[in-house]
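Working notes for the structure below.
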Amino acid sequence: MEDTAVQPLLDVRDLSKEYRNAGHVLAVLRGVSVAVMPGETCAIVGPSGSGKTTLLGLAAGLDVPTSGSVRLAGHDLGALDEDQRAAVRNEHTGFVFQNFQLFPTLTALENVLVPLELRGGRSEPAVALELLAKVGLGERAHHYPVQLSGGEQQRVAIARAFVTRPRLLFADEPTGNLDGDTARRVADMIFDLNRDAGTALVLVTHDIDLAARCSQVVRLRNGQRVEP
Amino acid sequence: MMRALMTPWVWRLAWRDSRSSRRRLVLYALSISLGIAALVAIGSLGRAVRRAIDDQAKGLLGADVVLSSRKPFGADERAVMDRLGGERSDEVSFASMIQFPGTGGTRLVNVRALSGGFPYYGALETDPPGAAEAFRRGEGVLVEEGVARQFGAGPGSPAKLGEWKTKVVGLLRRVPGDSVAFTTLAPRVYLAGDQLPRTKLLGRGALVRYRAMLRLPDDADAARRLASLRPRLRELKLDVDTAEKRKANLGKAAENLNGFLNLVAFIALLLGAVGIASAIHVHVRQRLPHVAVLRCLGAPMASTFAVYLLQSVALGVIGIVAGTVLGAAIHHAVPAMLRDKLPFPLEASFSWVAAGQAAVAGLGVSLSFALMPLLSVRRVSPLAAIRAAYDAGPARFDAARWLVGAGIAASVVGFALLQTRSVRQGLGFAAGLAVAFGLLALAARGLVWLARSLPTGRLPFAWRQGLASLHRPNNRTGTLLVALGLGTFLIVSLQLTRASLLASLRMADVGKRANAVLFDVQPDQLDGVVAALGQLNLPVVESAPIVTMRLKSVRGRLTTELATNRSDRTPGWVLQREYRCTWRTNLADSERLVSGTFTGRVSAETSPVPVSLELGIARDLGVEVGDRLSFDVQGQVIDAVVGSLREVEWRQVRPNFFVVFPEGALEAAPAMHVLATRVANPSESARMQREVVQKFPNVSVIDLALVLDTVEGVVSKVALGIRLMALFTVLTGVVVLLGAIVTGRSQRLQEAVLLRTLGGSRATVRRILAAEYAGLGLLAGIVGCLLAMGAAAGLARFVFKTSPSFPVGEIALALVAVPLLTLVVGLLASRGISSSTPLAILRSEQG
């Protein structure tokens, strides 16, 4: 399924998500549509509880919507089962989390290699080492997460996100847990890689400056997309 | 501290703090339940046994007094019995062969010809019940159940004993006073005393034991008369057994057994306590941030400590209650399990005293183990609440840790001393336990280190990830390896020891070595038996004459005097036993000369006769080359001198002797012969036994298969206790494993979800989990097997004096079974981890 320049890389249409809890129906997302073109950057902003993370999760195929559709890199996620969606994620996307989410038992290098290894191929330390060097951690490849600071852990996570050369990077508050200086450096790194590799970017953030660097801003309020 | 424990706030917080982890905590608590259950069941059993022994004291012997001798009772003996008064039964017993013509089976048995009303207390248990009367009427023989079944014989089947063609009237299940343990080699066959002559077995030189079972009159004088006649009984060399003596012996045996089983249960309890301690360790570590916050909010150290102490006490109590309920349930089943192993019937009864003792032991052990991780609560700084990476600095010397450690050691030693009632055994047990746990922990650590530093780069991703999980922080791999390894160790040691024993016997069955022995061959039958073997094309590997005799004096001192002399350390049995000696001109190939010179031939007048002693018996008698001995050979005294000492390889199935005379010294004495031959297989052996015993009914045969059976039987009886121990420790290991998996669940879930988010399939997650559990099980199997091989080698070399044998099959089985068990338990406990939705990871970020 080759996409052309005119087709969006991520095409979210009329997406709704409801949770049922003790007889109550809670609509977290209501009829949201977003399109992200290859290489484009998109920020999802909004107050707490507005549905940002739910939108990100549904867009990445981490959950299934109540209604609406998601096309990711040409795949209709609604037609795939969990394992097929996982394969799509592995092939086309990368992830950066607010809490870094590194495997505590693996070294920095091993953490970066995980997505490659999930593909079942032979691990290629060279690529991973190069990425680690790029994020300034070339010397710390064999350190465990506990031996790294928060900013360093997030840089490892970024290296991991880019190691498969994804076409789309999902980032959930990537700088949320970092101090000002470190946050700026990490953000620069993400945008640099976005530029260099042509990776599209979808990030959830509270940071106005970060959102302002994106070409598209999606504002959510009470589960609905609102205009700025 | 006590004041903190009295504060209602502390109780409330302990309860509230447990909210998120109650199910987990209950699972930890169950770690000690199996140990408690075992203590309760065994304690109740012990009390039931003691009561049974008290209630059935006389039934333990079936009579008031039993006199026995190797000689027929003469006028002197009968006179003493008459003076004792009451009723009397006589029994003549010896080893011989029974034949079952129906199926063609032949087997060595202990023949007992009984006349009189024995047993006076209790009854012969038979199937059908009337068989005990039928055999007394001379209608046939009563055959031990196991043998009858082995040869497909039942009530009504034809049987032949010596020359007497008769039938089986019933199957024997229990005889008052007989312990089943001794009937394996020669199972019992009863016949009426007046039928004995029809067998024509007596008087052919067989080794016979004569017993008189007496029921004393119900007057008070009986005991006094017995006491006054004791010197006379000793003079007549009669062995005396009374119900009181039997009761004391049995009581002592029961107490020893109970102590042993309690130690067994204690091991399971300790293992459970280790499980609780490691669970508390993880629980407390997860709670340290809360502790820091509490301290920030102004909670005193004692109060925060008390919160977690209370939770630990609650764990202990839950475990004890669950264990007691379980123990109460299983103690009902125990008497049925032991039915065939005890010489008396037993009734189940729950003992509150035993339950109380178990509760005290359980609470003491679990709390003292839990204190160790709890101590870290005291050292949490409030600073940790605001600076996540706060480092408390290097660990300082903590006196409390040493105190708790000493307390744990003291409680283990104390319990062991209480159970064994012997300083040496108690300390030995505690030390053995410490060594076993220590070695297991050390081996576990070594293996984890090895697994970590192995170049795993070439393994598939799932395996590398799974193995890496083994050294994940908080993963308790060490504890789990000890928990699972201990059970493996016990089971595999048992299997290997059994295998070593049997292998050393089977090893004897090579080349042209003898593997069947024919004994009680009369001089006039020797040629006939040899001819019969020749007809079957069987070789006579060895033929030896046997003369029975007793020791009369050792280094000039009478054995009767030595036996009563308490300062003399010579074991009674070597002084009083009947020696079956032979004469020959040279050493056999199962023997090796250790010192002195072996004399092969002397003239009839030589005195003292130079004899060769087996090394062990010489050591027991305390004699060396050159020491004088004298033997009573059926009334004739022969003076001898120790000419040489020999080492004998007993495990060869051939006639071996403690004392070997030179040719020329014993020829005048009445002798029997023993022949050794070699059969190719069990069916040839059976055919040989059938043919020989048909022609010579008094000749008895024992073959290697029978010896193997006997060793198997004895080992399997000894193994009961060890199996029980292994069972409880294995189950405890499984519970500890469950607890550990449940503890690590949130971390594992997190990782699984992360993997899924990065594009891993559910199958990948499952494979990683499987790799982790299989790896854990494999390491536990290796640790257990390594230690077991060490223990089995030690037992074989130092206790059984044979070379150890490590059958690949047994070890491989353990190395497959343990990982499999761990894998199944692990995957069952991890259900749901691989299928949780990946969105959870984003949600957890928000929270």
> Just wondering, is there one or more residues in the range A:66-85 that are under 22 Å from A:L148 (Cβ atoms), facing chain B (nearest Cβ under 9 Å) and either without any contact (Cβ under 8 Å) to a residue 60 or more places away in the chain or part of a helix (DSSP H, G or I) (or both)?
Replying inline: no
>> With the requirement that a residue be surrounded by fewer than 15 Cβ atoms within 10 Å (Cβ to Cβ) and at pLDDT below 90, what does the range A:46-64 give you?
In response: A:S48, A:G49
> Given the residues B:R498, B:R476, B:R464, which is the only one that is surrounded by 18 or more Cβ atoms within 10 Å (Cβ to Cβ) and at positive phi?
Replying inline: B:R476
> Taking into account only those residues within the range B:172-200 that are of a type in the set (V, I, T) and assigned to a helix (DSSP H, G or I), which is modelled with the highest pLDDT?
Replying inline: B:T199
> Within the range A:55-64, is there a residue that is acidic (D, E), at the interface with chain B (Cβ under 8 Å from one of its Cβ atoms) and in contact with a Pro (Cβ under 8 Å, 6 or more places away or on another chain)?
Replying inline: yes
> So how many residues does the range B:600-613 have that are touching a residue at least 60 places away in the same chain (Cβ under 8 Å) and part of a loop (DSSP other than H, G, I, E, B)?
Replying inline: 4
> Got a number for residues in the range A:124-166 being closer than 19 Å to A:F95 by Cα, within 11 Å of chain B (Cβ to nearest Cβ) and either surrounded by fewer than 18 Cβ atoms within 10 Å (Cβ to Cβ) or polar (S, T, N, Q) (or both)?
Replying inline: 2
>> Criterion first (modelled with pLDDT of 85 or more and in a loop (DSSP other than H, G, I, E, B)) does B:V692 satisfy it?
In response: no
> Can you spot a residue in the range B:368-391 that is modelled with pLDDT of 80 or more, among the aliphatic types (A, V, I, L, M) and loosely packed, with under 14 Cβ neighbours inside 10 Å?
Replying inline: no
>> Can you name every one of the strands (runs of 3 or more DSSP E) wholly within the range B:79-143 that holds 2 or more residues which are under 30 Å from B:D221 (Cα atoms) and either in the same structural domain as B:R215 (by TED's automatic domain parsing) or under 37 Å from the mean Cα position of the chain (by Cα) (or both)?
In response: B:87-100, B:105-115
>> Return the residues of the range B:772-784 that are of a type outside the set (V, I, T) and surrounded by fewer than 24 Cβ atoms within 10 Å (Cβ to Cβ); say none if nothing qualifies.
In response: B:A774, B:G775, B:L778
> Which of (1) part of a strand (DSSP E or B); (2) more than 19 Å from A:R225 (Cα to Cα) does A:V32 not meet, given it meets every other one?
Replying inline: (2)
> What number of residues in the range B:812-847 are part of a helix (DSSP H, G or I) and either modelled with pLDDT under 75 or among the small types (G, A, S) (or both)?
Replying inline: 13
> Taking the range B:642-683, which residues are part of a strand (DSSP E or B) and touching a Gly at 6+ places or on another chain (Cβ under 7 Å)?
Replying inline: B:V642, B:G643, B:S644, B:L645, B:E663, B:M672
> Would the range B:259-275 turn up any residue that is outside the structural domain of B:G744 (by TED's automatic domain parsing), polar (S, T, N, Q) and within 20 Å of B:A48 (Cα to Cα)?
Replying inline: yes
> Which ones in the range A:7-45 are surrounded by 14 or more Cβ atoms within 10 Å (Cβ to Cβ), in contact with a Leu (Cβ under 8 Å, 6 or more places away or on another chain) and within 13 Å of chain B (Cβ to nearest Cβ)?
Replying inline: A:K17, A:L29, A:I44
> Can you tell which of B:V317, B:V284, B:V291 is crowded, with 22+ Cβ neighbours inside 10 Å and at negative phi?
Replying inline: B:V291
> Can you tell me how many residues in the range A:114-156 are outside any helix (DSSP H, G or I), at pLDDT 85 or above and either on the phi > 0 side of the Ramachandran plot or touching a strand residue (DSSP E or B) at 6+ places or on another chain (Cβ under 8 Å) (or both)?
Replying inline: 1
> So, in the range A:95-113, of the ones that are assigned to a helix (DSSP H, G or I) and touching a Leu at 6+ places or on another chain (Cβ under 7 Å), which residue ends up farthest from the other protein chains (Cβ to nearest Cβ)?
Replying inline: A:A108
> Does the range B:99-114 contain at least one residue that is in contact with a Ser or Thr (Cβ under 7 Å, 6 or more places away or on another chain), over 30 Å from B:L518 (Cβ atoms) and surrounded by fewer than 19 Cβ atoms within 10 Å (Cβ to Cβ)?
Replying inline: no
>> Suppose we filter the range A:167-186 for residues that are within 15 Å of A:F97 (Cβ to Cβ) and either outside any strand (DSSP E or B) or in contact with a Gly (Cβ under 6 Å, 6 or more places away or on another chain) (or both); how many remain?
In response: 9
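The values are calculated or read from the model by the stated rules, or taken from the named source; none is laboratory data. None of the values given here were measured: they were computed from a predicted structure. Cβ sites come from the backbone with ideal geometry, for glycine too, and all protein chains shown count toward neighbours.
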